[in-house]
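Report on the following structure.
The values are calculated or read from the model by the stated rules, or taken from the named source; none is laboratory data. Please read all numbers here as calculations on a predicted model, not as lab measurements. Glycine gets a Cβ as well: all are built from the backbone with ideal geometry, and neighbour counts include every protein chain shown. Ligands, DNA and RNA are excluded from the accessible area calculation, which covers all protein heavy atoms including side chains. Shrake-Rupley method; radii C 1.70, N 1.55, O 1.52, S 1.80 Å.
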Amino acid sequence: MAVSKIILGVTGGIAAYKTPDLVRRLRERGAEVQVVMTRSAAEFVTATSLQAVSGRPVRENLWDSEAESAMGHIELARWADLVLIAPATAEFMSRLASGGAPDLLATLCLATEAPLVIAPAMNRVMWKNPAVQANRQVLEARGVRLLGPDSGNQACGEVGEGRMFEPAAIAAAVLGPATAGELLAGRKVMITAGPTREAIDPVRFISNRSSGKMAFALAEAAVAAGAEVVLISGPVDLATPAGVRRVDVESAEEMLEATHAEIAGTDIFIGAAAVADYGAAAVEQHKIKKSAAKMSIDLVRTPDILTSVAQLDDGPFTVGFAAETRNLEKYARSKLEKKNLDMIVANEVGRDRGFDRDDNAAEVFWAGGQQSFPTMSKKDLAVALLKLVADRFRDSSESGKRGKLHAVGSGD
Ligand code: PMT
(Lines give C-alpha, C1' and ligand atoms only; values in the text may rest on other atoms or scores of the structure.)
Protein backbone atom coordinates (compact mmCIF):
# COMPACT_ATOMS: atom_id res chain seq x y z
CA MET A 1 0.00 0.00 0.00
CA ALA A 2 1.36 3.43 -0.90
CA VAL A 3 1.69 5.61 2.19
CA SER A 4 0.35 9.12 1.73
CA LYS A 5 -1.32 9.96 5.05
CA ILE A 6 0.81 9.81 8.17
CA ILE A 7 -0.04 10.48 11.79
CA LEU A 8 3.21 11.64 13.36
CA GLY A 9 3.02 11.11 17.11
CA VAL A 10 5.52 13.24 19.02
CA THR A 11 6.23 12.23 22.61
CA GLY A 12 8.22 14.03 25.31
CA GLY A 13 11.92 13.50 24.66
CA ILE A 14 14.65 16.00 23.81
CA ALA A 15 14.77 14.58 20.25
CA ALA A 16 11.32 16.11 19.73
CA TYR A 17 13.13 19.29 18.68
CA LYS A 18 14.01 17.46 15.44
CA THR A 19 10.40 16.74 14.49
CA PRO A 20 9.77 19.89 12.40
CA ASP A 21 12.60 18.66 10.17
CA LEU A 22 11.04 15.19 10.09
CA VAL A 23 7.67 16.65 9.05
CA ARG A 24 9.38 18.61 6.29
CA ARG A 25 11.11 15.48 4.99
CA LEU A 26 7.91 13.41 5.05
CA ARG A 27 6.05 16.13 3.16
CA GLU A 28 8.89 16.42 0.62
CA ARG A 29 8.13 12.81 -0.23
CA GLY A 30 4.49 13.66 -0.90
CA ALA A 31 2.95 12.55 2.43
CA GLU A 32 0.19 14.44 4.26
CA VAL A 33 1.23 14.69 7.89
CA GLN A 34 -1.09 15.10 10.86
CA VAL A 35 0.93 15.79 14.00
CA VAL A 36 -0.38 14.54 17.34
CA MET A 37 1.61 15.58 20.42
CA THR A 38 1.57 14.33 23.96
CA ARG A 39 1.49 16.89 26.77
CA SER A 40 5.16 16.37 27.64
CA ALA A 41 6.23 16.75 23.97
CA ALA A 42 5.17 20.39 24.25
CA GLU A 43 8.06 20.87 26.71
CA PHE A 44 10.50 20.27 23.81
CA VAL A 45 8.83 21.57 20.64
CA THR A 46 5.95 23.94 20.03
CA ALA A 47 2.67 23.07 18.36
CA THR A 48 3.00 26.35 16.44
CA SER A 49 6.16 25.27 14.62
CA LEU A 50 4.75 21.81 13.89
CA GLN A 51 1.53 23.36 12.59
CA ALA A 52 3.55 25.69 10.35
CA VAL A 53 5.58 22.89 8.74
CA SER A 54 2.75 20.35 8.52
CA GLY A 55 0.17 22.84 7.28
CA ARG A 56 -2.43 21.30 9.62
CA PRO A 57 -3.51 22.16 13.17
CA VAL A 58 -1.67 19.95 15.64
CA ARG A 59 -3.85 17.64 17.74
CA GLU A 60 -2.98 17.43 21.43
CA ASN A 61 -6.09 16.72 23.44
CA LEU A 62 -8.61 13.93 23.34
CA TRP A 63 -11.17 16.24 24.91
CA ASP A 64 -10.81 19.14 22.47
CA SER A 65 -14.44 19.38 21.32
CA GLU A 66 -13.69 21.77 18.45
CA ALA A 67 -11.00 19.52 16.95
CA GLU A 68 -13.08 16.41 17.58
CA SER A 69 -16.03 17.92 15.73
CA ALA A 70 -13.77 18.60 12.71
CA MET A 71 -12.31 15.05 12.67
CA GLY A 72 -13.03 12.75 15.61
CA HIS A 73 -10.23 10.55 16.92
CA ILE A 74 -11.73 7.38 15.46
CA GLU A 75 -12.02 9.08 12.08
CA LEU A 76 -8.41 10.22 12.40
CA ALA A 77 -7.33 6.68 13.26
CA ARG A 78 -9.06 5.47 10.08
CA TRP A 79 -7.62 8.31 7.98
CA ALA A 80 -3.98 7.28 8.53
CA ASP A 81 -2.04 4.94 6.22
CA LEU A 82 0.75 4.86 8.83
CA VAL A 83 1.23 5.91 12.44
CA LEU A 84 4.79 6.99 13.15
CA ILE A 85 5.90 7.78 16.71
CA ALA A 86 9.11 9.82 16.80
CA PRO A 87 10.60 10.21 19.28
CA ALA A 88 9.08 7.31 21.22
CA THR A 89 9.97 7.63 24.90
CA ALA A 90 10.30 4.71 27.33
CA GLU A 91 7.05 5.87 28.91
CA PHE A 92 5.18 5.85 25.61
CA MET A 93 6.56 2.42 24.69
CA SER A 94 5.25 1.17 28.02
CA ARG A 95 1.86 2.75 27.32
CA LEU A 96 1.74 1.04 23.92
CA ALA A 97 2.84 -2.32 25.29
CA SER A 98 0.26 -2.28 28.07
CA GLY A 99 -2.55 -1.07 25.82
CA GLY A 100 -3.34 1.98 27.95
CA ALA A 101 -5.19 4.91 26.35
CA PRO A 102 -4.87 7.89 28.69
CA ASP A 103 -4.31 10.46 25.92
CA LEU A 104 -5.16 11.14 22.28
CA LEU A 105 -2.00 9.59 20.79
CA ALA A 106 -2.22 6.31 22.71
CA THR A 107 -5.95 6.13 21.90
CA LEU A 108 -5.21 6.57 18.19
CA CYS A 109 -2.62 3.80 18.35
CA LEU A 110 -5.24 1.43 19.75
CA ALA A 111 -7.95 2.55 17.35
CA THR A 112 -5.98 2.42 14.10
CA GLU A 113 -5.57 -0.46 11.70
CA ALA A 114 -2.63 1.29 10.05
CA PRO A 115 0.91 -0.05 10.58
CA LEU A 116 2.73 1.39 13.58
CA VAL A 117 6.39 2.48 13.34
CA ILE A 118 8.30 3.86 16.32
CA ALA A 119 11.68 5.59 16.62
CA PRO A 120 12.73 5.16 20.25
CA ALA A 121 14.90 7.81 21.92
CA MET A 122 16.12 7.75 25.48
CA ASN A 123 19.17 7.57 27.72
CA ARG A 124 21.34 4.51 26.97
CA VAL A 125 20.82 2.97 30.43
CA MET A 126 17.07 3.38 30.12
CA TRP A 127 17.15 1.69 26.71
CA LYS A 128 19.04 -1.29 28.14
CA ASN A 129 16.69 -1.56 31.11
CA PRO A 130 14.98 -5.00 31.11
CA ALA A 131 11.55 -3.39 31.47
CA VAL A 132 12.10 -1.30 28.31
CA GLN A 133 13.53 -4.31 26.47
CA ALA A 134 10.53 -6.41 27.51
CA ASN A 135 8.20 -3.71 26.10
CA ARG A 136 10.27 -3.62 22.91
CA GLN A 137 9.84 -7.37 22.50
CA VAL A 138 6.10 -7.19 23.11
CA LEU A 139 5.76 -4.43 20.52
CA GLU A 140 7.89 -6.22 17.94
CA ALA A 141 5.95 -9.44 18.49
CA ARG A 142 2.76 -7.45 17.71
CA GLY A 143 4.22 -6.26 14.44
CA VAL A 144 5.30 -2.76 15.49
CA ARG A 145 8.33 -1.76 13.43
CA LEU A 146 11.20 -0.19 15.36
CA LEU A 147 13.62 2.25 13.75
CA GLY A 148 16.66 2.33 15.98
CA PRO A 149 17.63 3.61 18.39
CA ASP A 150 20.97 4.79 17.15
CA SER A 151 24.32 4.93 18.95
CA GLY A 152 26.29 8.07 19.63
CA ASN A 153 26.52 11.13 21.89
CA GLN A 154 23.47 11.72 24.00
CA ALA A 155 22.04 14.97 25.33
CA CYS A 156 22.75 13.75 28.88
CA GLY A 157 26.48 13.73 28.03
CA GLU A 158 26.72 9.94 27.82
CA VAL A 159 27.65 7.92 24.75
CA GLY A 160 25.71 4.82 23.77
CA GLU A 161 22.60 3.38 22.20
CA GLY A 162 19.47 5.50 22.60
CA ARG A 163 19.63 8.38 20.12
CA MET A 164 16.69 8.88 17.80
CA PHE A 165 17.39 8.09 14.15
CA GLU A 166 18.04 11.22 12.13
CA PRO A 167 14.91 12.70 10.45
CA ALA A 168 16.25 12.01 6.94
CA ALA A 169 16.87 8.39 7.84
CA ILE A 170 13.41 7.96 9.40
CA ALA A 171 11.73 9.52 6.38
CA ALA A 172 13.79 7.36 4.03
CA ALA A 173 12.99 4.22 6.06
CA VAL A 174 9.22 4.74 5.90
CA LEU A 175 8.84 6.37 2.47
CA GLY A 176 12.13 5.64 0.65
CA PRO A 177 14.85 8.15 -0.26
CA ALA A 178 13.51 11.40 -1.74
CA THR A 179 16.60 11.98 -3.84
CA ALA A 180 19.92 10.28 -4.53
CA GLY A 181 21.37 12.87 -2.16
CA GLU A 182 19.57 11.23 0.74
CA LEU A 183 20.52 7.61 0.04
CA LEU A 184 23.12 7.58 2.81
CA ALA A 185 21.98 10.61 4.78
CA GLY A 186 23.04 10.35 8.41
CA ARG A 187 25.47 7.47 7.72
CA LYS A 188 29.18 7.35 8.30
CA VAL A 189 31.09 5.57 5.55
CA MET A 190 34.76 4.64 5.82
CA ILE A 191 36.75 3.70 2.73
CA THR A 192 40.33 2.48 2.43
CA ALA A 193 42.15 3.57 -0.72
CA GLY A 194 45.25 3.18 -2.82
CA PRO A 195 48.24 0.94 -2.28
CA THR A 196 50.28 0.55 0.86
CA ARG A 197 54.07 0.72 0.93
CA GLU A 198 55.96 -1.79 3.03
CA ALA A 199 59.50 -0.59 3.67
CA ILE A 200 62.50 -2.80 2.99
CA ASP A 201 65.11 -0.19 3.83
CA PRO A 202 64.99 3.64 4.12
CA VAL A 203 64.67 4.06 0.32
CA ARG A 204 62.92 0.93 -0.97
CA PHE A 205 59.49 -0.57 -0.46
CA ILE A 206 57.09 -3.27 -1.64
CA SER A 207 53.89 -1.91 -3.20
CA ASN A 208 51.50 -2.36 -6.15
CA ARG A 209 49.93 -0.49 -9.05
CA SER A 210 46.81 0.83 -7.30
CA SER A 211 46.19 4.50 -8.12
CA GLY A 212 43.35 5.01 -5.60
CA LYS A 213 40.95 6.09 -8.40
CA MET A 214 38.28 3.49 -7.60
CA ALA A 215 38.27 4.28 -3.88
CA PHE A 216 38.32 8.06 -4.38
CA ALA A 217 35.37 7.75 -6.79
CA LEU A 218 33.51 5.79 -4.10
CA ALA A 219 34.29 8.48 -1.53
CA GLU A 220 32.96 11.18 -3.88
CA ALA A 221 29.80 9.16 -4.56
CA ALA A 222 29.26 8.55 -0.84
CA VAL A 223 29.44 12.29 -0.10
CA ALA A 224 26.98 12.94 -2.93
CA ALA A 225 24.68 10.35 -1.33
CA GLY A 226 24.67 12.37 1.88
CA ALA A 227 27.15 10.35 3.97
CA GLU A 228 29.89 11.55 6.28
CA VAL A 229 32.97 10.04 4.64
CA VAL A 230 36.36 9.12 6.06
CA LEU A 231 38.94 8.05 3.49
CA ILE A 232 42.02 6.24 4.77
CA SER A 233 44.44 6.50 1.89
CA GLY A 234 47.80 5.03 1.05
CA PRO A 235 50.20 7.11 -1.10
CA VAL A 236 48.31 8.30 -4.20
CA ASP A 237 48.49 11.28 -6.48
CA LEU A 238 44.84 12.38 -6.28
CA ALA A 239 43.02 15.42 -4.93
CA THR A 240 40.71 14.81 -1.97
CA PRO A 241 37.06 14.95 -3.10
CA ALA A 242 35.11 17.84 -1.55
CA GLY A 243 33.49 17.00 1.75
CA VAL A 244 35.69 13.96 2.43
CA ARG A 245 37.83 13.68 5.56
CA ARG A 246 41.10 12.10 4.42
CA VAL A 247 43.69 10.38 6.59
CA ASP A 248 46.99 9.64 4.83
CA VAL A 249 48.95 6.53 5.74
CA GLU A 250 51.81 4.62 4.19
CA SER A 251 52.01 1.03 5.43
CA ALA A 252 49.39 -1.67 6.13
CA GLU A 253 50.15 -1.33 9.84
CA GLU A 254 49.44 2.43 9.70
CA MET A 255 46.26 1.81 7.67
CA LEU A 256 45.09 -0.68 10.30
CA GLU A 257 45.76 1.80 13.09
CA ALA A 258 44.04 4.73 11.32
CA THR A 259 41.04 2.55 10.46
CA HIS A 260 40.47 1.48 14.05
CA ALA A 261 41.07 5.00 15.36
CA GLU A 262 38.19 6.21 13.15
CA ILE A 263 35.87 3.19 13.13
CA ALA A 264 33.54 4.23 16.00
CA GLY A 265 30.13 5.11 14.63
CA THR A 266 30.94 3.79 11.14
CA ASP A 267 27.90 2.29 9.42
CA ILE A 268 29.53 1.07 6.23
CA PHE A 269 33.18 0.09 5.74
CA ILE A 270 34.50 -0.41 2.20
CA GLY A 271 37.95 -1.96 1.82
CA ALA A 272 38.96 -0.74 -1.63
CA ALA A 273 42.68 -0.38 -0.84
CA ALA A 274 45.18 -2.71 -2.43
CA VAL A 275 46.92 -3.46 0.84
CA ALA A 276 50.29 -5.13 0.29
CA ASP A 277 49.92 -8.70 1.53
CA TYR A 278 53.53 -9.04 2.65
CA GLY A 279 56.17 -6.77 4.15
CA ALA A 280 59.81 -7.29 5.07
CA ALA A 281 60.25 -9.33 8.25
CA ALA A 282 62.89 -6.79 9.33
CA VAL A 283 63.34 -3.31 7.86
CA GLU A 284 67.03 -2.52 7.31
CA GLN A 285 68.14 0.60 9.11
CA HIS A 286 70.45 1.62 6.26
CA LYS A 287 70.24 1.31 2.50
CA ILE A 288 70.99 -2.27 1.45
CA LYS A 289 74.22 -2.26 -0.57
CA LYS A 290 74.44 -4.33 -3.70
CA SER A 291 77.14 -6.93 -3.29
CA ALA A 292 76.13 -10.56 -3.85
CA ALA A 293 74.71 -11.50 -7.25
CA LYS A 294 71.61 -12.87 -5.54
CA MET A 295 69.79 -11.88 -2.43
CA SER A 296 66.56 -12.80 -0.70
CA ILE A 297 64.35 -10.95 1.72
CA ASP A 298 62.23 -12.63 4.38
CA LEU A 299 58.64 -11.52 4.05
CA VAL A 300 55.86 -11.73 6.60
CA ARG A 301 52.08 -11.23 6.21
CA THR A 302 50.72 -7.76 6.84
CA PRO A 303 47.66 -7.38 9.10
CA ASP A 304 44.35 -8.00 7.33
CA ILE A 305 42.46 -4.74 7.84
CA LEU A 306 39.23 -5.88 6.24
CA THR A 307 39.01 -9.02 8.37
CA SER A 308 39.77 -7.06 11.53
CA VAL A 309 36.79 -4.75 10.79
CA ALA A 310 34.45 -7.60 9.85
CA GLN A 311 35.29 -9.28 13.17
CA LEU A 312 34.24 -6.31 15.32
CA ASP A 313 31.30 -6.89 17.64
CA ASP A 314 28.44 -4.72 16.44
CA GLY A 315 30.74 -3.53 13.62
CA PRO A 316 29.81 -1.80 10.38
CA PHE A 317 28.29 -3.31 7.26
CA THR A 318 31.52 -4.53 5.71
CA VAL A 319 32.23 -4.53 1.99
CA GLY A 320 35.46 -5.98 0.59
CA PHE A 321 37.01 -5.87 -2.85
CA ALA A 322 38.60 -8.85 -4.58
CA ALA A 323 41.25 -8.10 -7.19
CA GLU A 324 41.76 -11.24 -9.25
CA THR A 325 43.55 -12.18 -12.44
CA ARG A 326 41.57 -15.47 -12.79
CA ASN A 327 38.71 -17.46 -11.24
CA LEU A 328 37.00 -14.17 -10.30
CA GLU A 329 33.81 -15.63 -8.84
CA LYS A 330 35.43 -18.57 -7.04
CA TYR A 331 38.08 -16.47 -5.30
CA ALA A 332 35.69 -13.64 -4.52
CA ARG A 333 33.11 -15.97 -2.95
CA SER A 334 35.83 -17.60 -0.91
CA LYS A 335 36.97 -14.17 0.42
CA LEU A 336 33.34 -13.23 1.16
CA GLU A 337 33.03 -16.30 3.34
CA LYS A 338 36.49 -16.50 4.93
CA LYS A 339 36.59 -12.80 5.81
CA ASN A 340 32.96 -12.88 7.03
CA LEU A 341 31.93 -9.94 4.81
CA ASP A 342 28.48 -8.59 4.02
CA MET A 343 29.41 -8.02 0.37
CA ILE A 344 32.34 -8.35 -1.99
CA VAL A 345 33.07 -6.40 -5.16
CA ALA A 346 35.15 -8.55 -7.50
CA ASN A 347 37.13 -6.92 -10.28
CA GLU A 348 39.58 -8.34 -12.76
CA VAL A 349 43.03 -6.84 -12.58
CA GLY A 350 46.13 -7.23 -14.67
CA ARG A 351 47.27 -5.73 -17.93
CA ASP A 352 44.71 -3.17 -19.08
CA ARG A 353 42.28 -3.97 -16.28
CA GLY A 354 41.37 -2.61 -12.86
CA PHE A 355 44.52 -0.89 -11.63
CA ASP A 356 45.38 2.68 -12.54
CA ARG A 357 42.69 3.16 -15.18
CA ASP A 358 39.67 5.43 -15.41
CA ASP A 359 37.24 2.56 -16.05
CA ASN A 360 36.39 -0.71 -14.38
CA ALA A 361 33.86 -3.56 -14.36
CA ALA A 362 32.69 -5.54 -11.35
CA GLU A 363 30.75 -8.57 -10.14
CA VAL A 364 29.25 -8.11 -6.70
CA PHE A 365 28.40 -11.06 -4.44
CA TRP A 366 26.59 -11.33 -1.12
CA ALA A 367 24.80 -14.13 0.73
CA GLY A 368 21.87 -14.94 -1.53
CA GLY A 369 22.59 -12.57 -4.39
CA GLN A 370 24.90 -11.16 -7.03
CA GLN A 371 24.93 -8.33 -9.55
CA SER A 372 27.11 -7.56 -12.58
CA PHE A 373 28.32 -4.13 -13.60
CA PRO A 374 29.78 -3.90 -17.13
CA THR A 375 32.79 -1.74 -17.96
CA MET A 376 32.10 1.94 -17.27
CA SER A 377 33.96 4.89 -15.80
CA LYS A 378 35.08 4.36 -12.20
CA LYS A 379 32.97 7.40 -11.25
CA ASP A 380 29.79 5.85 -12.72
CA LEU A 381 30.63 2.46 -11.28
CA ALA A 382 31.13 4.03 -7.84
CA VAL A 383 27.65 5.62 -7.96
CA ALA A 384 26.05 2.31 -9.02
CA LEU A 385 27.98 0.30 -6.41
CA LEU A 386 27.06 2.73 -3.65
CA LYS A 387 23.37 2.46 -4.54
CA LEU A 388 23.59 -1.34 -4.23
CA VAL A 389 25.57 -1.13 -0.98
CA ALA A 390 23.01 1.33 0.46
CA ASP A 391 20.11 -0.97 -0.52
CA ARG A 392 21.75 -4.06 0.98
CA PHE A 393 22.75 -2.10 4.09
CA ARG A 394 19.18 -0.85 4.55
CA ASP A 395 17.78 -4.38 4.15
CA SER A 396 20.20 -5.82 6.68
CA SER A 397 19.61 -2.96 9.16
CA GLU A 398 15.87 -3.39 8.88
CA SER A 399 16.05 -7.14 9.34
CA GLY A 400 18.08 -6.33 12.48
CA LYS A 401 21.09 -8.31 11.34
CA ARG A 402 23.58 -5.51 11.62
CA GLY A 403 24.21 -1.88 10.85
CA LYS A 404 23.25 1.09 12.94
CA LEU A 405 22.19 4.44 11.62
CA HIS A 406 24.80 6.98 12.56
CA ALA A 407 23.68 10.04 14.40
CA VAL A 408 25.09 13.26 12.99
CA GLY A 409 25.28 16.57 14.76
CA SER A 410 25.01 17.55 18.39
CA GLY A 411 23.51 14.82 20.40
CA ASP A 412 20.23 14.06 22.00
O1 PMT B 1 43.24 1.99 -7.14
P2 PMT B 1 42.84 1.77 -8.59
O3 PMT B 1 44.03 1.96 -9.50
O4 PMT B 1 41.66 2.58 -8.99
O5 PMT B 1 42.43 0.25 -8.72
C6 PMT B 1 41.31 -0.23 -8.07
C7 PMT B 1 41.56 -1.57 -7.42
C8 PMT B 1 41.74 -2.63 -8.47
C9 PMT B 1 42.80 -1.52 -6.52
C10 PMT B 1 40.30 -1.86 -6.52
O11 PMT B 1 39.17 -1.92 -7.34
C12 PMT B 1 40.45 -3.17 -5.76
O13 PMT B 1 40.20 -4.26 -6.24
N14 PMT B 1 40.88 -3.08 -4.47
C15 PMT B 1 41.23 -4.23 -3.62
C16 PMT B 1 42.59 -4.75 -4.01
C17 PMT B 1 43.01 -5.93 -3.17
O18 PMT B 1 43.91 -5.81 -2.37
O19 PMT B 1 42.31 -7.03 -3.32
P20 PMT B 1 42.63 -8.44 -2.60
O21 PMT B 1 41.76 -9.42 -3.29
O22 PMT B 1 44.09 -8.68 -2.53
O23 PMT B 1 42.12 -8.20 -1.11
C24 PMT B 1 40.83 -8.55 -0.68
C25 PMT B 1 40.31 -7.53 0.29
O26 PMT B 1 41.07 -7.57 1.50
C27 PMT B 1 40.37 -6.08 -0.21
O28 PMT B 1 39.16 -5.45 0.22
C29 PMT B 1 41.56 -5.50 0.53
O30 PMT B 1 41.40 -4.10 0.78
C31 PMT B 1 41.54 -6.29 1.82
N32 PMT B 1 42.87 -6.48 2.45
C33 PMT B 1 43.82 -7.25 1.87
C34 PMT B 1 45.02 -7.47 2.50
C35 PMT B 1 45.25 -6.88 3.76
N36 PMT B 1 46.41 -7.06 4.40
N37 PMT B 1 44.30 -6.12 4.33
C38 PMT B 1 43.11 -5.92 3.71
O39 PMT B 1 42.24 -5.22 4.25
Report summary line: In region 82-207 the DSSP beta bridges are antiparallel at a rate, in percent to nearest 5, of 55
Query raised in the report: How much net charge surrounds M376 when only other residues with a Cβ under 12 Å from its Cβ are counted (Lys, Arg +1; Asp, Glu -1)?
Result: 0
Report task. Take the Cα atoms of region 284-349, build their convex hull, and give its volume per residue in Å³. Result -> 153
Query - Reachable lysines from K213, criterion Cα separation under 18 angstrom, eight or more residues apart if same chain - result: K378, K379
Query raised in the report: Extension gain K387-A367, at 0.36 nm per residue separation less the Cα-Cα distance, in nm?
Result: 5.5 nm
Query raised in the report: By its C-alpha gyration tensor, with a ≥ b ≥ c as the square roots of the eigenvalues, how is region 91-178 shaped: rounded for a/c under 1.5, else prolate for a/b larger than b/c, else oblate?
Result: oblate
Query raised in the report: Arranged from highest to lowest average of other beta-carbon atoms within 10 Å per residue, in what order do the peptides 201-210, 290-299 appear?
Result: 201-210, 290-299
Query raised in the report: How far apart, in nm, are two points set 7 Å out from the Cα along the Cα-to-Cβ line at Q311 and at S40?
Result: 4.4
Requested in this report: Leaving ligands, DNA and RNA out of it, rank K128, K5 by accessible area with a 1.4 Å probe, largest first.
Outcome: K128, K5
Query raised in the report: Tell me, what is the 1.4 Å probe accessible area of H286, in Å² to the nearest 10?
Result: 130
Requested in this report: Determine which lysines satisfy two conditions relative to K18: a Cα distance under 28 Å, and not lying fewer than 8 residues away in the same chain.
Outcome: K5, K128, K188, K387, K401, K404
Report summary line: Restricting to Cα pairs under 8 Å and 6 or more apart, the percent relative contact order of the chain works out to 13
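May I ask you to rank R136, R333 by accessible area, largest first, using a 1.4 Å probe over the protein chains only?
Correct descending sequence by accessible area is R333, R136.
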Query - Accessible area of the chain belonging to carbon and sulfur atoms, whole % at 1.4 Å probe - result: 49
Report summary line: Quotient of Cα radius of gyration and Kirkwood radius for the chain, i.e. Rg/Rh, equals 1.08
Query raised in the report: To the nearest 10 Å², what's F317's accessible area with a 1.4 Å probe?
Result: 10
Query raised in the report: In whole angstrom, how far apart do the alpha carbon centroids of region 209-268 and region 2-46 sit?
Result: 36
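Name the helices (complete DSSP H segments) of the chain with a Cα length along the long axis of 27 Å or more and a Kyte-Doolittle mean of at least -1.0, or state none.
Taking the DSSP H segments of the chain (at least 27 Å long, mean hydropathy at least -1.0), we get 378-398.
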Query raised in the report: Just the accessible area per residue of region 1-126, please: how many Å² with a 1.4 Å probe?
Result: 44
